[in-house]
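A short reminder: the numbers here are calculations on the coordinates, not readings from a lab. This structure is a prediction, so every number in the text was calculated from the model and none was measured. When we count neighbours, we look across all protein chains shown, and the Cβ atoms used for this are built from the backbone with ideal geometry, even at glycine.
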Amino acid sequence: MHGFRPTRRWLTRATLGAAATLQAPGWLGAALAQGAGQAGGRLRVGMAAPNTTLDPHFQSNAPNNAVASHIFDALITNDARSLPRPGLAQAWKLLDETHWKFQLRETTFSDGTDFTAEDAIVSLQRANDIPSTASFRTYTRSIKAMTALSPHSLLIETHGPDPLLLNSLGRLRVISADHKDAPTTEFNNGNATIGTGPLVLQEYVPGSHLHLTRNDAWWGGRLPWSEVVLRLIPDEGARLAALLAGELDIIEAVPFQGAQRVKENPGFHLIRGISSRFVYFAMDQRRDSSPFITDHAGRPLDRNPLKDRRVRQALSMALSREALAARVMEGDAVVASQFLPKGSAGTSDKLEVVPHDPDAARALLAEAGYPDGFGLTIHGPNDRYVNDARIVQAAAQMLTRIGIAARAEVMPWSVYSRRNSGAEFSMSLSAWGVNTGETSNPLKALLATYDKKAGMGASNSGRYSNPDLDGLLQQALRSMDEAARNALLAQACELAFNDHALLPLHHEVSTWAARKGVTCEARADQYTLASGISRA
C-alpha cells in the first residue's frame, strides 16, 4: 500500500493486485487498533462480499451498488423500505403521464465543482450506454429525453407511463460530467471517483479494503464518523473473529453459529431484519445442448433436458426448501414460492411452495424420457450470498436422490459473477434484491426475454423466454393504475412460476453484529451503509 496525503481534487490510485490481507503500517494499522468511539470517530466495517469495481455504472450488483452509495448520490434516495425519498433531487412533480420535473439541490462534488442538471443527464446517459454484463439499462430504458431547464431544474420525458421511474432513478448514481468519457479503469484507480456523497475515497485496494473520509459538505448532514474503513472479508469466520477481537465495529451477514457467539458476549449485539433478497436457481433454457449436462458416462447430451417443463418441475420437487431453510440457513430464511411473500405488491395468492416429493420427481423425469436421470453440474459463488456454497452442495445431494448425477462447483464471486452474467452455466445459484417492493423489477430483470438494447432480461442468466409473460409485463410497466398493475404482475408471476422458469428457494433474513455502542439501520436491500450506522 502507498502512504499519501490526498489533495482536495486528487484521490489515491488503487493498488491493483494487492494482497487481500491487511498488514500494512501507517493509517491502516491505526484503523485496526482504534475503535469507533476512539480517536477521530473512525468506523470499521466488515463487508461480506467484495465489490468488483468502483465505476457506479459498469456492473449492477449489490456489493458494487452498496460501495458506490458511500461516494456517489442518486437523484432519488431509496430508503430502508425501498421507498423514494429526496436525494440530489429535492423535489419533483409529475406534469403528465410522461413528463417529470425535478428540482435539484445546490451542492458540490468532492472536488469542489458545482453539481448541475448536466451532471445528472450525463450520468443517466452513461448508465444506459456503457457496455456491461450486468447493465443498469433496466432502470433507464423508459427514458426518452432529458432537458436541463436551468442549472438546477431537470425535465425527464419517458417513452410511456413509467410508474417506477422514481425507484429506478434511485439505482442510478451521479458522477461529475467532467468524467463522462472516463473508462472504468479511471474509476478503479480513483481518478474519476468524484461524487457528491457522504464520503470521499482515499484508498482502494481491490479485494482488501476501502479507506474513506467524511465529506463535510454533504447535503445530507455530517456523519458521526470522520473516517470509514470498509474491509472486504468474504470468509464469515474471519469476519466474526475480527469483530470479536476488536478490529471491527460492525459486520454484515452473520452466520447462525456466529450469532450464538455474539449473543453470549456482553460487549456485542445483533441487528436483524427480513430482507427483500430472493434466492433461486436459474436453468439454461436457451441452448439445445447445455455445456454442463451429460449422460452418466460423462458424454454431452444431444438435447438440453432443462428446456422440458417436466424436467424443471422434477428438479424443483427434488429440493426440500424447508430443509434448506432450517438446516443450511439455520433458520435465517423464509421459504419462497415467488419473488416476494404473499401479500406483497404484484404477488399471487395462488402460488404455493413447491412440495418436496422425490417419487413424483422421478416419475416426471421418466415421463420426459430420462428414467435414469443425467449428469448435471450446479454452479454457485462461495463468498457472495449467505451460505451460498452450502446451498449448492445440499441441492446437488438432493438431486442425486432422484437419479440426477449432480455435482457442485463453486468459485469466488469475482469470477462467478462474470461467468454467470454471460449465461455460461447450465444451472446456477443466484439471488435478487427485490428492492422496488413489488414484482415488476425481478420480472423485468430475471425473466423477460433477453434484449440488451431494450434493457430487458439483463440478469436473465437462463435466457428464459415467454412471449405471454413479456406481454403481461409490458402492460404492467405502462399502467399508472396501481391495482391494475399489480393484477397484471400477479398473472405474470403465476405464469412464470407454474412454468418453473426459476426454482425459488428462500428469502434471506439479514443479520448484522456490532459492538455495544454501535448500531445500524436494517435495510430491505441488505446494503450496509456508513450513513445508516450510528452510535447506539
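Here are the numbers for this structure:
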read-out	value
Two-decimal log10 I(q)/I(0) for the stretch 53-164, as the Debye equation yields it once each C-alpha is a single scatterer, q = 0.10, 0.11, 0.14 Å⁻¹	-0.29, -0.36, -0.59
Dipole-positive endmost among SER276, SER430, PHE497 within the stretch 276-508 (Cβ charges, Cα centre)	SER430
Antiparallel content of DSSP bridges confined to the chain, in %, to 5	75
Among (1) 220; (2) 137; (3) 155, the entry that matches volume of the Cα convex hull per residue in Å³ as calculated here	(2)
Under 5 Å, built H, 5+ apart or other chain: amide partners of ASP383	TRP413
Helix 62-71 vs. the chain, principal-axis angle (Cα, 0 to 90°, nearest 10)	10
Cα-centred dipole magnitude for the chain, charges only on beta-carbon of K, R (+1) and D, E (-1), debye, nearest 20	680
Range in the chain, longest, excluding exposed trypsin sites (Lys or Arg not before Pro) [loop by DSSP; at most 10 other beta-carbon atoms within 10 Å]	9-452
Selection from THR53, ALA74, LEU319 lying farthest towards where the dipole of the chain points positive, charges on Cβ	THR53
Relative contact order (percent, whole number), the chain, Cα cutoff 8 Å, 6+ residue spacing	20
Distant-in-sequence amide H partners of SER176 (H built 1.01 Å from N, under 5 Å)	ILE194
Exposed-site-free run, longest, the chain (rule: GluC sites (Glu not before Pro); DSSP loop; at most 15 other C-beta within 10 Å)	107-263
Computed over the stretch 173-281, Cα set: Rg, Dmax in Å	17.5, 52
The chain: angle of helix 482-498 to the longest principal axis, Cα-based, in degrees nearest 10	50
Whole-Hz ³J(HN,Hα) from phi, Karplus 6.51 cos²θ - 1.76 cosθ + 1.60, for the stretch 150-167, glycine and proline x	6, x, 10, 9, 10, 10, 10, 10, 9, 4, x, x, 10, x, 10, 4, 4, 5
